[in-house]
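The values are calculated or read from the model by the stated rules, or taken from the named source; none is laboratory data. Quick caveat, the model's predicted, so the values are computed rather than measured. No Cβ is skipped: glycine too gets one built from the backbone with ideal geometry, and neighbour counts run over all protein chains shown. To get the accessible areas, we keep the full protein, side chains included, count just its heavy atoms, and leave off ligands, DNA and RNA. Shrake-Rupley method; radii C 1.70, N 1.55, O 1.52, S 1.80 Å.
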Amino acid sequence: TSAALALLGSSVAALVVWKWLGKKMIQKKMEEARRTRDEGMKKMAKAVQQFREQVPSVQTDAILSLPLLELTGRLQEGSLSPRTVLYTYLEKVSALEVTQQTNCLRHFIPECEEQLQEIERHKEKGLLYGVPVSIKDHIGHKGHLATCGLVQCLGTPMEEDSVLVKVLKRQGAIPFAMTNVPQSLFSYECSNPIFGRTLNPFNPQKSPGGSSGGEGALIAGGGSILGIGSDMGGSIRLPSSFCGLCGLKPTAERLRWCGCLLLPHPVPCAMGPMARDVDSLALCMKALLCQEMFQLDPTVPPIPFNEEVYSSSTPLRVGYYDTDGYFPLPPCMRRAVKETRRALQAAGHQLVPFTPPRVPYVMTELFMKTFFADGGRTWLDVFKGDIVDPGLKPQVNSCKIPRLVKKLLALLLKPLQFLLLIKLKDVAMISICRSVKEMWNHQHQIQVYRSQFITQWKELQLDVVLCPVLGPAFTTGYPRKLLTAISSTMLYNVLNFPAGVVPVSTVTEADEEELKLYKGCCDDPWDRTLKQAVSGGVGMPVAVQCVALPWQDELCLRFMKEVETLSRHK
């Protein structure tokens, strides 16, 4: 007996030591990654200082204030040099107000100097000639990590540029920075244990959104003029909403996904641009949808950007709604839709009420079941040998609940979920597929829903739809408590419709007063949490969402441009 106890004791001690060593190894890897980032920032600051000594008379503020279309015009004609523009933005990035206050940068790309020399050698100037571009952490750039905020991704730099980066470079763009993301990308907070939390440049108490939160903060802070993000539940549109930017989630197949994570196919992830105005998004899409893209990636349909559709001024038939019937948004977001609707009507467009069908069903049965069909086991695998970020612990813990307990909870809670529209915080724990047959049926149900949605759209003869987007920016720490609040954006990932966000207003004192009366759907804990999340947002950006049918990305952008023009005029 004593021998058995001694053996047990030594085994427990060995296990404790093994776990301790594992944690020390993780900490060492994270410290090394942070040290590499800091050294890169120092190199960037030194290069900027050397440039300023050589060219002391640069009109920094004038360059930073130029819209992208004007900047590209100046670069093309030669009145501005790519070197001057690049180092002006590098100087802005290395300044305290952009990086140290928001923590938006994951890594400086020193090879931007090589790309600068490369484009200066070529006589032919691409559409993005000399434009500094920031890219989201997981987008592959040769010689750099695509971490997704995970320790397991820290050891293997990319062997070559992703197709998207190759096309950007061929169009003359200069990728110069990689931006921070939430751990595993599955969050609309922007925090990971390696590089920390990113904050909103307008208010450090607020989140920039996610998962393209680093992009949102960098562009909104003035440190980048054009960024590339990705969107699998609102990851371009939510940071755009929270940070007052324009952002487009295209039809997923128009720009191929590039990343380090295995993603579910039925709800595809889309790559897309983020910028200060809609014209910048259109120029980026026009540059990317080129012959080089179609040659490098034959799986991308060879459909060039349709300038005629984007430039059209034909009046549109616009469907609209200010609530999806699942998660009522704060008063300011509904106000934004109503004001935009009236402006569109006054401008000669036809506005038609539209009700998206069965959004609670989409959220619980279609979207969540796609991602957690196996009970979250595939997702949990990415955290092996890692420290889980606090923002993800509620979801990670729910996925760890034994399958039998999940089944019992599913039986007990499902009637409540539909009859009372209760928004379960951890929907993942009831959304599982129990067999291969059920998985096939689930994928079929997504196609059925898409067909029904398009039929309803066609019956009303709509061109586009105007609808709300989640906002204004949440106080940090709240996104983890309200995973299902993003139904406004998730819907169009399930449908794979192009959808974009345009800022049209800011939160007013009157909005803040009206928020005090907000009851949401049922005045339940989730409605009250949403109220807390968005309070104290006076002056923060308020946006709307613009949607078109699949493959009509140019029409979506054209509608976004119309909304932008009318809101600026107002």
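With an 8 Å cut-off on Cα pairs and a minimum separation of 6 or more residues, tell me the relative contact order of the range 38-304 in percent.
Values: 580 pairs, mean separation 47.5, N = 267.
Computed value for the range 38-304: 18 percent relative contact order.
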Restricting to Cα atoms and excluding each atom paired with itself, what does the Kirkwood estimate give for the chain in Å? 24.4 Å
Given a Förster distance of 56 Å, the FRET efficiency implied by the Cβ-Cβ spacing of Lys338 and Ala14, rounded to the nearest 0.05, works out to 0.30
Could you compute how much accessible surface Met30 exposes when probed at 1.4 Å, giving the result in Å² to the nearest 10? 10 Å²
From the backbone phi of the range 145-157, what are the Karplus-calculated ³J(HN,Hα) couplings (6.51 cos²θ - 1.76 cosθ + 1.60, θ = phi - 60°) in whole Hz, Gly and Pro given as x? 7, 10, 8, 6, x, 10, 4, 4, 9, 7, x, 10, x
At 1.4 Å probe size, what's the solvent-accessible area of Thr84? Round to the nearest 10 Å². 30 Å²
Sort 37-46, 225-234 for me by packing, meaning the mean count of neighbouring Cβ atoms within 10 Å per residue, highest on top. 225-234, 37-46
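For the range 116-271, what does the equivalent ellipsoid look like in terms of its semi-axes, each the square root of 5 times an eigenvalue of the Cα gyration tensor, given largest first in whole Å? Please report the intermediate quantities before stating the final value.
Numbers: eigenvalues 113, 67, 49 Å².
Values for the range 116-271, descending: 24, 18, 16 Å.
Averaged over all directions, how much area does the convex hull of the C-alpha atoms of the range 38-304 cover when projected, in nm²?
Details: hull surface 52.1 nm².
Over all viewing directions, the range 38-304 projects a mean Cα-hull area of 13.0 nm².
Using r as the Cβ-Cβ distance of Ile303 and Ser451, and R0 as 25 Å, what FRET efficiency do you calculate, to the nearest 0.05? Show your work: numbers first, answer last.
Details: r = 22 Å, r/R0 = 0.89.
Once the sixth-power term is evaluated, E becomes 0.65.
Ordering Glu564, Glu91 by accessible area with a probe of 1.4 Å, largest first, what comes out? Kindly include the intermediate steps, with their values, before the conclusion.
Working: Glu564 5, Glu91 50 Å².
Descending order: Glu91, Glu564.
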For the range 1-73 versus the range 195-253, the gap between their alpha-carbon centres in whole angstrom: 20 Å
Glu77-Leu64 pseudo-label distance in nm [points 7 Å out on the Cα-to-Cβ vector]: 2.4 nm
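For the chain, give the magnitude of the charge dipole about the Cα centre (Cβ charges: +1 Lys/Arg, -1 Asp/Glu; no others), in debye to the nearest 20.
Numbers: 64 positive and 54 negative charges, 338 e Å.
Computed charge dipole of the chain: roughly 1620 debye.
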Between the range 529-570 and the range 316-363, the alpha-carbon center distance in angstrom: 11 Å
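What is the extension gain from His444 to Glu32, computed as 0.36 nm multiplied by their sequence separation minus the C-alpha to C-alpha distance, in nm to one decimal? Walk me through the intermediate numbers first.
Working: separation 412, 0.36 × 412 = 148.32 nm, distance 4.61 nm.
Roughly 143.7 nm would be gained on extension.
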How big is the C-alpha Rg of the range 430-570 next to the rule-of-thumb value 2.2 N^0.38 Å, as a ratio? 1.25
Express in whole angstrom the spacing between the alpha-carbon centres of the range 434-485 and the range 141-185. 29 Å
For the full complex of protein chains and a 1.4 angstrom probe, list Trp440, Trp379, Trp551 by accessible area with the highest value first. Trp440, Trp551, Trp379
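Report, please, the projected area of the range 79-190 averaged over directions, based on the convex hull of its C-alpha atoms, in nm².
On the way: hull surface 31.2 nm².
So the Cα hull casts an average projection of 7.8 nm².
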If DNA, RNA and ligands are ignored and the probe is 1.4 Å, what is the ranking of Thr476, Thr99 by accessible area, most exposed first? Thr476, Thr99
